[in-house]
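Asks: Okay, handing you the structure first.
The values are calculated or read from the model by the stated rules, or taken from the named source; none is laboratory data. These numbers come from a predicted model, not from an experiment. A quick note on method: Cβ atoms are made from the backbone with ideal geometry, for glycine too, and the neighbour counts reach across all protein chains shown. In case anyone asks, the SASA skips ligands and DNA or RNA and just uses the protein heavy atoms, side chains included. Shrake-Rupley method; radii C 1.70, N 1.55, O 1.52, S 1.80 Å.
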Amino acid sequence: MTGSGVPEDNVRDSRERKAGVEELVVVGGGISGLALAHYARRLAGIEPLVLEADTRPGGKVQTEWIDGCCCEWGPQGFLDNVPETLELVDQLGLTGELVRADAASADRFIVRDGELRRVPLSPPAFLTSSILTLGGRMRVLLEPFQPRGPEEETVFAFAARRIGREAAEVLVDAMVTGVYAGDSTRLSLPSTFPRMREMEATHGSLVKAMLAKLKERRRQRAAGEAPPSGAGPAGPGGTLTTFRLGMQQLTDVLAASLAARVRVGCPVDAVGRDGDAFVVQVRSGEAIRARRVAVAVPPAVAAGILEGLLDPPAVEALRAIPAVRVAVVMTAYREPRPFAHSCRGFGFLVPGRERRRILGTIFCDATFPGQAPKGTTLLRTLLGGARAGELLDLADRDLVELVRRELAGLLGGDPVPSLIHVIRHDYAIPQYTLGHRERLRAIDEAAGRFAGLLVTGNGLRGVALNACVSEARRAAAALAATA
Ligand SMILES: Cc1cc2nc3c(=O)[nH]c(=O)nc-3n(C[C@H](O)[C@H](O)[C@H](O)COP(=O)(O)OP(=O)(O)OC[C@H]3O[C@@H](n4cnc5c(N)ncnc54)[C@H](O)[C@@H]3O)c2cc1C
């Protein structure tokens, strides 16, 4: 602290800025970059400068309201079981704006043989469910008796080995579609679902690990202890949560809290080094000197920006992290029940073996009743992903036709939508394929040679919004330590 009560770092920061050297430049103003900037301020008193290429901050987080319907471009919500996101929300004064998913949205469906089947929520319901054949269900019960597997394998290989091929193709492939729009036969288990890998490594079985956790919870309750970090108010699974005005409310308030220190329409082309400062090269020709730089853009973009600074293997590692394309088609109907199916519950996912052309549909008005006018049915259908990225080459009209055909086949009836809105992401969700951990190591090692340089964002350590926020907090703490 200085004599005036202002943290010493803040004083140094303003002196540095006057001398033309920024304390911290954050490249990329998605949730990763904005949260990192927030925590850099909060944890270390550093005033960051965020440079965002687009004309608005937020990245994938974007909400449009059309005719009273909430159209989310990216995340529909986040699970309320990660303390860092709830802490961030609280620090921004947004706790009162949180909206939890309706209890009825616990009902989820998976398409099996062309029909929506309810996902069983308890072991007895699973035993009598039609989601798997009797043989498939019996095979799941043999999970505790399967041997441990290798250090790294694909999600599909892990699931087929532990719970059988049918459950892997139906249940696990649907889960991978829901989170990554990805191909379960290519994604790395330890990089995408590290907890499952840990459960096997520690307990030798997923079932045994879950039983051990239940036992521990019971013991904690009996002893009056707090649940472990990661278990939120809604239990370990958490509840899907959004904001009254949609997800963009979070990034809008976050960007506003950083005041004039977020510059939009400001693409960065390169980061280099000049003496003991970084030089951030903006496309307009401006060069900004900085003591620290955090690059929070998609890995392929980061590769281009850092080409002159990092070793070639690290740049190659960044380039080797692929991403899938995803289209979101919003359709609304001015009826509470436009299809034969009730469209109550969270929605449905389509496993790859069904060979359909959509990835799944969220029943938005059932999940968040405030996201559509009363009596309106609002659906959000996703297409593309690892399975069919080429669908994004279709014209809007053809994409919508395709969605209508698929919804008619799965939900029954072909009502005419009163609202249609098509959203496209050419770089939607990064894919952590086999070898991702080695790529991360190469990137971290190369970046670690420059004190004050960080490479972050959803391309590296988690694609969920919660993971982006947790990683941003961790990264900000690490940057603060390089004062
Ligand atoms: C369709 C879809 C649905 C999703 N659903 C969910 C969900 O329900 N729940 C959930 O938790 N997660 C979900 N996600 C994932 C989550 O939204 C993202 O992982 C997260 O928002 C990514 O944040 P980010 O800041 O890392 O990246 P981005 O949001 O991609 O931000 C990167 C930013 O960098 C900027 N940029 C790029 N190049 C440059 C440059 N040269 N100079 C300066 N800036 C640059 C971009 O314009 C962008 O603003 C979804 C994603 C998609 C696409």
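Asks: In region 312-340, what count of residues is obtained for those that are of a type in the set (Phe, Trp, Tyr) and part of a loop (DSSP other than H, G, I, E, B)?
Replies: Matching residues across region 312-340 total 1.
Asks: Quick one: LEU391 ticks every box in (1) open to solvent by 20 Å² or more (accessible area, probe 1.4 Å); (2) farther than 30 Å from LEU309 by Cα; (3) in contact with a Gly (Cβ under 6 Å, 6 or more places away or on another chain) except a single one, so which number is it?
Replies: For LEU391, the failing item is (1).
Asks: Now a separate question. Would you call ARG344 touching a helix residue (DSSP H, G or I) at 6+ places or on another chain (Cβ under 6 Å), touching a residue at least 40 places away in the same chain (Cβ under 8 Å) and not in a loop (DSSP other than H, G, I, E, B)?
Replies: no
Asks: How many residues does region 378-404 hold that are more than 25 Å from VAL61 (Cβ to Cβ) and in contact (Cβ under 8 Å) with a residue 24 or more places away in the chain? Before you say what the answer is, go through the steps one by one.
Replies: Within region 378-404, the subset more than 25 Å from VAL61 (Cβ to Cβ) is 390, 393-395, 397-398, 401-402, 404.
Now restrict to residues that are in contact (Cβ under 8 Å) with a residue 24 or more places away in the chain: 402, 404.
Residues in region 378-404 being more than 25 Å from VAL61 (Cβ to Cβ) and in contact (Cβ under 8 Å) with a residue 24 or more places away in the chain: 2 in total.
Asks: Go through region 262-286 and give me each residue that's touching a strand residue (DSSP E or B) at 6+ places or on another chain (Cβ under 8 Å) and within 14 Å of the ligand (Cβ to nearest atom).
Replies: Once the filter is applied, which keeps residues that are touching a strand residue (DSSP E or B) at 6+ places or on another chain (Cβ under 8 Å) and within 14 Å of the ligand (Cβ to nearest atom), region 262-286 yields VAL262, ARG263, CYS266, PRO267, VAL268, ASP269, ALA270, VAL271, VAL280, GLN281, VAL282, ARG283.
Asks: Would you be able to say whether some residue in region 273-280 is without any contact (Cβ under 8 Å) to a residue 12 or more places away in the chain, surrounded by fewer than 21 Cβ atoms within 10 Å (Cβ to Cβ) and of a type in the set (A, V, I, L, M, F, W, C)?
Replies: Looking for residues that are without any contact (Cβ under 8 Å) to a residue 12 or more places away in the chain, surrounded by fewer than 21 Cβ atoms within 10 Å (Cβ to Cβ) and of a type in the set (A, V, I, L, M, F, W, C), one finds at least one in region 273-280, hence yes.
Asks: Here is a list: ILE358, ILE362. Which entry is closer than 19 Å to ARG112 by Cα, open to solvent by 10 Å² or more (accessible area, probe 1.4 Å) and outside any helix (DSSP H, G or I)? Please lay out each step first, then the result.
Replies: On the way: ILE358 fails: open to solvent by 10 Å² or more (accessible area, probe 1.4 Å).
Of the residues listed, the single one that is closer than 19 Å to ARG112 by Cα, open to solvent by 10 Å² or more (accessible area, probe 1.4 Å) and outside any helix (DSSP H, G or I) is ILE362.
Asks: Considering every residue within region 242-258, establish whether at least one is in a strand (DSSP E or B) and not assigned by TED's automatic domain parsing to the domain that holds PRO369.
Replies: Yes, the conditions are met somewhere in region 242-258.
Asks: Here is a check on your reading of the model: is ALA320 surrounded by fewer than 23 Cβ atoms within 10 Å (Cβ to Cβ) and either touching a Gly at 6+ places or on another chain (Cβ under 6 Å) or modelled with pLDDT of 95 or more (or both)? Break it down stepwise before answering.
Replies: Working: surrounded by fewer than 23 Cβ atoms within 10 Å (Cβ to Cβ): yes; either touching a Gly at 6+ places or on another chain (Cβ under 6 Å) or modelled with pLDDT of 95 or more (or both): yes.
The answer is yes for ALA320.
Asks: Moving on to the next point. Regarding ARG404, is this residue part of a helix (DSSP H, G or I) and more than 16 Å from the ligand (Cβ to nearest atom)?
Replies: yes
Asks: Name the helices (runs of 4 or more DSSP H) wholly within region 150-211 that hold at least 2 residues that are open to solvent by less than 20 Å² (accessible area, probe 1.4 Å) and over 29 Å from VAL328 (Cα atoms)?
Replies: Answer list for region 150-211: 155-163.
Asks: Has region 438-457 got at least one residue that is assigned to a loop (DSSP other than H, G, I, E, B), under 25 Å from THR154 (Cβ atoms) and open to solvent by 30 Å² or more (accessible area, probe 1.4 Å)?
Replies: Of all residues in region 438-457, those assigned to a loop (DSSP other than H, G, I, E, B) come to 449-452, 456-457.
Checking the rest, the ones that are also under 25 Å from THR154 (Cβ atoms) come to 457.
In the following step, the residues that additionally are open to solvent by 30 Å² or more (accessible area, probe 1.4 Å) were identified as none.
No - not one qualifying residue is present in region 438-457.
Asks: Assuming ASP90 fulfils every condition listed in (1) away from the ligand (no atom under 12 Å from the Cβ); (2) in contact (Cβ under 8 Å) with a residue 24 or more places away in the chain apart from one, which condition is it?
Replies: Failed condition: (2).
Asks: Taking the criterion of being outside the structural domain of SER184 (by TED's automatic domain parsing), outside any helix (DSSP H, G or I) and away from the ligand (no atom under 16 Å from the Cβ), would at least one residue in region 381-395 satisfy it? Explain how you work it out, then say what you get.
Replies: Start the filter on region 381-395 by keeping residues that are outside the structural domain of SER184 (by TED's automatic domain parsing), which leaves 381-395.
Filter once more, keeping what is outside any helix (DSSP H, G or I): 381-384, 394-395.
Going one step further and asking which of them are away from the ligand (no atom under 16 Å from the Cβ), we end up with 394-395.
Looking for residues that are outside the structural domain of SER184 (by TED's automatic domain parsing), outside any helix (DSSP H, G or I) and away from the ligand (no atom under 16 Å from the Cβ), one finds at least one in region 381-395, hence yes.
Asks: Evaluate the following for GLU445: is it acidic (Asp, Glu) and under 24 Å from VAL324 (Cα atoms)?
Replies: No; evaluated as a whole, the condition is false for this residue.
Asks: Sticking with this one: Take ASP426 and decide whether it is within 12 Å of the ligand (Cβ to nearest atom), surrounded by fewer than 18 Cβ atoms within 10 Å (Cβ to Cβ) and modelled with pLDDT of 95 or more. Step through it out loud before you land on a result.
Replies: Numbers: within 12 Å of the ligand (Cβ to nearest atom): yes; surrounded by fewer than 18 Cβ atoms within 10 Å (Cβ to Cβ): yes; modelled with pLDDT of 95 or more: yes.
Yes: the conditions hold for ASP426.
Asks: Inspect region 468-478 for any residue being crowded, with 17+ Cβ neighbours inside 10 Å and either away from the ligand (no atom under 13 Å from the Cβ) or more than 29 Å from GLN62 (Cβ to Cβ) (or both) and give the result as yes or no. Explain how you work it out, then say what you get.
Replies: Just the residues of region 468-478 that are crowded, with 17+ Cβ neighbours inside 10 Å, to begin with: 468-473, 475-476.
If we keep only those that are either away from the ligand (no atom under 13 Å from the Cβ) or more than 29 Å from GLN62 (Cβ to Cβ) (or both) as well, we get 473, 476.
Scanning region 468-478, I find at least one residue that is crowded, with 17+ Cβ neighbours inside 10 Å and either away from the ligand (no atom under 13 Å from the Cβ) or more than 29 Å from GLN62 (Cβ to Cβ) (or both), so the answer is yes.
Asks: Just give me the residues in region 458-467 being open to solvent by 20 Å² or more (accessible area, probe 1.4 Å) and in a loop (DSSP other than H, G, I, E, B), in sequence order.
Replies: ASN458, ARG461, VAL463, ALA464 - these are the residues of region 458-467 that are open to solvent by 20 Å² or more (accessible area, probe 1.4 Å) and in a loop (DSSP other than H, G, I, E, B).
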